[in-house]
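The values are calculated or read from the model by the stated rules, or taken from the named source; none is laboratory data. This structure is a prediction, so every number in the text was calculated from the model and none was measured. Note: ideal-geometry Cβ built from the backbone for every residue, glycine included; neighbour counts use all protein chains shown. Please note that ligands, DNA and RNA were not included when accessible areas were found on the heavy atoms of the full protein model with its side chains. Shrake-Rupley method; radii C 1.70, N 1.55, O 1.52, S 1.80 Å.
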Amino acid sequence: MSEPLPHDRADVPAEAWSGVHRGPLREGEWVRLTDQKGRKHNFELVAGKRFFSNKGHLDHDEMIGRDEGFTVTSSAGGQYLVFRPLLNEFVVSMPRGAAVVYPKDAAQIVALADIYPGARVVEAGAGSGALTCSLLRAVGPWGRVTSFELREEFAEVARRNVHQFFSAPEGATHPAWDLRLGDLKEGLPRLGGQVDRVILDMLDPWNCVDAVADALVPGGIVCAYVATTTQLSRVVETLRAHGGFTEPQPWESLVRDWHVEGLAVRPGHKMIGHTAFLVTARRMAPGEKPPRKTRRPAPGAYGPDYTGPRPADVPALDVVPEVTGPDLDA
Ligand SMILES: C[S@@+](CC[C@H](N)C(=O)[O-])C[C@H]1O[C@@H](n2cnc3c(N)ncnc32)[C@H](O)[C@@H]1O
């Protein structure tokens, strides 16, 4: 990217930008209380304030100044476990503008899009800033995360949440973060290329594929996060049709809790049914194309010879995927 990295906070040590705090709880920090039924309560510690629940009240002053990891008892005998919230706990309880990337998916994005310390990452949209926090953690203070957001009110929510999580000193932003108001398609070309990773969490990622291809370094990764199968199909086909990316890899992750108590060892009864799909692909070097897969038409697919009706939004494939069993060694 053309602009210099904004490491202008010599007064803030690099480790301060992890979002992790040590030592006694301070006023202004967030805490997470877990009651005896496992219910969570997250709030900011304010001297003189009280936390109320169906088990009476608790004074914030009882918690300020103590090392996290203790139990407090409320005025009506309720017991609460007190810790600072972890990043995955913070993002599901922080104020939201747009829907957030859930922790299980943020973890997959960091792993599958191979986000590393020092990486130059671009994301859109910033939304509520949930994924931004994971990306900033992964690139560290010497990386760069440029977040585009179309809507000013969402950008403001993201700014506040990121600021809150990293507990930035007054007026300081994370040194690796560059939040830009506007459309990724227009802003990306102005970054001057040399982007290592692009993460797209928006309604129409397929419309950004050309801009992403121009910005990514050879070997760079694009990762799209989409909620529906129609979006999934469209973004995969657009990446394929572009020709300058490797075969797109669609993913979904399902996470299930387990109940383990004595001989009662079984999967939990509840799980999050669906969040979104991920698609990753790597940028080829300029002028290079990936080898075409050997394919034969599948009956009933919208292939080159298909002339019947099909949903207006689903493009016909120029090549129809082979119908095979699972390739477990791939
Ligand atoms: C689902 S939200 C993103 C949530 C975010 N990743 C998080 O974890 O908090 C999608 C956001 O993308 C923004 N958006 C949609 N198209 C965009 C574009 N072309 N450029 C920048 N932002 C865009 C929307 O305004 C919306 O806030």
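At 0.36 nm per residue, and after removing the present C-alpha to C-alpha distance, how many nm does the segment from Arg50 to Thr230 gain when stretched out fully? Don't skip to the end; give the middle numbers.
Numbers: separation 180, 0.36 × 180 = 64.80 nm, distance 4.81 nm.
Gain on stretching Arg50 to Thr230: 60.0 nm.
Please list, in chain and number order, the residues 5+ apart from Leu150 or on another chain whose amide H is under 5 Å from its amide H, with Hs placed from the backbone.
Under 5 Å from the amide H of Leu150 lie the amide H atoms of Ala126, Gly182, each far enough along the sequence or on another chain.
Run through the DSSP bridge list for segment 146-287 and note the antiparallel percent, rounded to the nearest 5. Working shown, then result.
Numbers: 14 of 23 bridges.
Given both bridge residues lie in segment 146-287, the antiparallel proportion sits at roughly 60 percent.
Mind listing the phi-derived Karplus ³J(HN,Hα) values for segment 85-93, rounded to whole Hz, using 6.51, -1.76 and 1.60 with θ = phi - 60°, and x for any glycine or proline?
Along segment 85-93, the couplings run x, 6, 4, 5, 8, 4, 5, 8, 10 Hz.
Can you work out the PRE-style zone for Asn42? Point 7 Å along Cα to Cβ, and I want the residues of segment 99-134 with backbone N under 11 Å.
Residues 103, 130 qualify, since their backbone N sits under 11 Å from the label point.
Got a number for the accessible area of Arg180? Probe 1.4 Å, square angstrom, nearest 10.
50
Among the lysines, which fall within straight-line cross-link reach of Lys270, defined as a Cα-Cα distance under 30 Å, with same-chain neighbours fewer than 8 residues apart omitted?
Output for Lys270: Lys37, Lys40, Lys55, Lys104.
Please list, ordered by chain and number, the residues whose modelled amide H lies under 5 Å from the amide H of Glu29; skip anything fewer than 5 residues away on the same chain.
Leu45
Which of rounded, prolate, oblate describes segment 159-277, given a ≥ b ≥ c as roots of the alpha-carbon gyration tensor eigenvalues and a/c under 1.5 marking rounded, otherwise prolate only if a/b is larger than b/c?
Numbers: a/c = 2.62, a/b = 1.31, b/c = 2.00.
Since a/c reaches 1.5 but b/c is at least a/b, the shape of segment 159-277 is classed as oblate.
Looking at segment 51-201, send over the antiparallel percent of its DSSP beta bridges, to the nearest 5. Please report the intermediate quantities before stating the final value.
Details: 7 of 21 bridges.
So the antiparallel bridges in segment 51-201 amount to around 35 percent.
Below 8 Å, C-alpha to C-alpha, sequence gap of six or more: please give me the relative contact order for segment 53-199 in percent. Can you show the working numbers first?
On the way: 234 pairs, mean separation 30.6, N = 147.
Relative contact order of segment 53-199: 21 percent.
Which whole-number percent gives the relative contact order of segment 147-207, counting Cα pairs below 8 Å spaced six or more residues apart? Show your work: numbers first, answer last.
Numbers: 32 pairs, mean separation 27.5, N = 61.
So the answer I get is 45 percent.
In the calculated pair distance distribution of segment 14-84, what percentage of Cα-Cα distances lie above 15 Å?
Values: 1263 of 2485 pairs.
For segment 14-84, the fraction of Cα-Cα distances above 15 Å is 51 percent.
Calculate one ³J(HN,Hα) per residue across segment 52-68 by plugging θ = phi - 60° into the Karplus curve 6.51 cos²θ - 1.76 cosθ + 1.60, and present them in order as whole Hz with x for glycine and proline.
So the J values, rounded to whole Hz, are 10, 8, 6, 10, x, 10, 9, 7, 4, 4, 5, 9, 4, x, 9, 6, 4.
At a Förster distance of 22 Å, what's the computed FRET efficiency of Ala99 paired with Asp204, Cβ-Cβ distance as r, to 0.05? Spell out each step's value before the answer.
Values: r = 16 Å, r/R0 = 0.71.
It comes out at approximately 0.90.
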